[in-house]
Amino acid sequence: MNTPPQFPAYVEPGEPKWRRWWLALLVLWGAQSGLLLAIWPEGRPRLELWLWSAVLPLFWGLMLAVRTLVWRIGLMNRDAYHQTLQAAERRWWRKRGKALPVRQVLLLGPAGLEPLYYQRLMVGTPVPQPMTSTDAVVARLRCQLSRNETRERSMALGRQLARLVLAEIGADARWGDLRGLAWAGDAGGEAAFVQALAAGGVTLPDARWPLRSLKDLDALIDAVPQVCGDDGAGLLCAGVVSREYAGEGEVPGEAGFLWVVGRKGALRVHRGEYLQPEEGESAGELCAQMQRYAGLAEAPADCLALDVASQSAFVEGGWMVGPHQLAEYWGALGELAPFVGMSLAALQVETSGEPCGWLGKDEAGRLAMGVVVSHGDA
């Protein structure tokens, strides 16, 4: 996971040893006074003797003042250094707490073409059982496409996602001023998606952003204020995947998602993080960090998982999935899994108005998590 910046500790300025200073004054002044009395010529004024006796205390006072000044400057520098570090840490948390404003979410998956199905998954309402292909030795979860679409499935999924988008949103003013597309998946699916939208009357600008990992999502969150400078401006985040193979005990799946993003959005998709136990990170620490991103005092009451491994990993942090284990509806989705998890959480937040956490793993097997919150009407 990303962690706050680490800076070297400030060397604590040493306080003057007051007792030693006073002891040194008494010893040196006494020795000086004794020496002066012993060698002072008779007949010379005693006043001059005492003036000479005052030289050492005055010099001692000057040295002590310099030493105290150095100490005080060190204290001020220490306080300024700590304030600088605190400001840098606050800026870091403020930046990491930014989220992607999402206006609308659509999902395409093996359970069917009706978006309502995916809103029902978190409330226990029965939905159609996912389609499982029977034309291969390996069982696969497949979206409802033409049976002739056995090759180039990602391109077929891209076209299907575009048709679903046009059916649900249309090509009217609700799109706003589109600034580009952030795409997750291969180039073939992207080209098919863009062409199908253009055929339906929605032409996307040439601007593109990759969306392959949570790092790409971070970059997109940071870029949105500049890209969508106007309130009505927006961009699309979308992607499709069709997996042929998966790990042991997993079923390859298919899915597609789309977000309409703008500077104003009723949903806030917060930055996700990967768990890195090899770096000494614990699931509890990561859960606490995700809650701080979203300003939550405790784990979200609603939480979903797209695989068993992530469901088990984050229990220690209080993120309880309960009945919301959704692997059977999606299968293994590889790099698209975190984005499908965010989309499902966003649909749940849209329905309940309460924060919803998501858990999943990407194509490299890295466990990831995040949270989506409601931002009211926007």
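The values are calculated or read from the model by the stated rules, or taken from the named source; none is laboratory data. These figures come from a predicted structure and were not determined experimentally. Virtual Cβ from ideal backbone geometry, glycine too; neighbours counted across all protein chains shown.
For the stretch 199-209, indicate whether the set of residues that are part of a helix (DSSP H, G or I) and modelled with pLDDT of 90 or more is non-empty.
Looking only at the stretch 199-209, we keep the residues that are part of a helix (DSSP H, G or I), and these are 199.
Keeping just the survivors that are modelled with pLDDT of 90 or more gives 199.
Yes; the residues of the stretch 199-209 include at least one that is part of a helix (DSSP H, G or I) and modelled with pLDDT of 90 or more.
Within the bounds of the stretch 109-126, is there any residue that is touching a strand residue (DSSP E or B) at 6+ places or on another chain (Cβ under 9 Å), assigned by TED's automatic domain parsing to the domain that holds Arg163 and modelled with pLDDT of 90 or more?
no
Tell me, yes or no, whether the stretch 259-277 has at least one residue that is in a strand (DSSP E or B), among the charged types (D, E, K, R) and under 17 Å from Asp218 (Cα atoms).
There is at least one residue in the stretch 259-277 that is in a strand (DSSP E or B), among the charged types (D, E, K, R) and under 17 Å from Asp218 (Cα atoms).
Quick one: what pairs do we get from the stretch 155-170, first residue outside the structural domain of Gly189 (by TED's automatic domain parsing), second of a type in the set (Gly, Ala, Ser) and part of a helix (DSSP H, G or I), C-beta under 8 Å, 6+ apart or different chains?
Close Cβ pairs (under 8 Å, with a partner that is of a type in the set (Gly, Ala, Ser) and part of a helix (DSSP H, G or I)) do not exist here.
For Val102, are the conditions met, namely being buried (at least 17 other Cβ atoms within 10 Å of the Cβ) and at pLDDT 60 or above? Working first, answer last.
Numbers: buried (at least 17 other Cβ atoms within 10 Å of the Cβ): yes; at pLDDT 60 or above: yes.
Answer is yes for this residue.
For residues in the stretch 181-191 being touching a residue at least 12 places away in the same chain (Cβ under 8 Å), surrounded by fewer than 23 Cβ atoms within 10 Å (Cβ to Cβ) and out of contact with any Asp or Glu (no Cβ under 7 Å at 6 or more places or on another chain), which is nearest to Cys237 (Cα to Cα)? Give the derivation first.
Kept after step one, since they are touching a residue at least 12 places away in the same chain (Cβ under 8 Å), are these residues of the stretch 181-191: 181-186, 188-191.
From the residues that got through so far, the ones that are surrounded by fewer than 23 Cβ atoms within 10 Å (Cβ to Cβ) too are 181, 186, 188, 190-191.
With out of contact with any Asp or Glu (no Cβ under 7 Å at 6 or more places or on another chain) added as a condition, the list becomes 181, 186, 190-191.
Numbers: Leu181: 6, Asp186: 14, Glu190: 11, Ala191: 14 Å.
Only one residue fits best here, namely Leu181.
Count, please, the residues in the stretch 296-312 that happen to be surrounded by fewer than 21 Cβ atoms within 10 Å (Cβ to Cβ) and either touching a strand residue (DSSP E or B) at 6+ places or on another chain (Cβ under 8 Å) or β-branched (Val, Ile, Thr) (or both).
Of the stretch 296-312, the ones surrounded by fewer than 21 Cβ atoms within 10 Å (Cβ to Cβ) are 296-299, 301, 308-309, 312.
Those still in the list that are either touching a strand residue (DSSP E or B) at 6+ places or on another chain (Cβ under 8 Å) or β-branched (Val, Ile, Thr) (or both) too: 296, 299, 308-309.
Here the count works out to 4.
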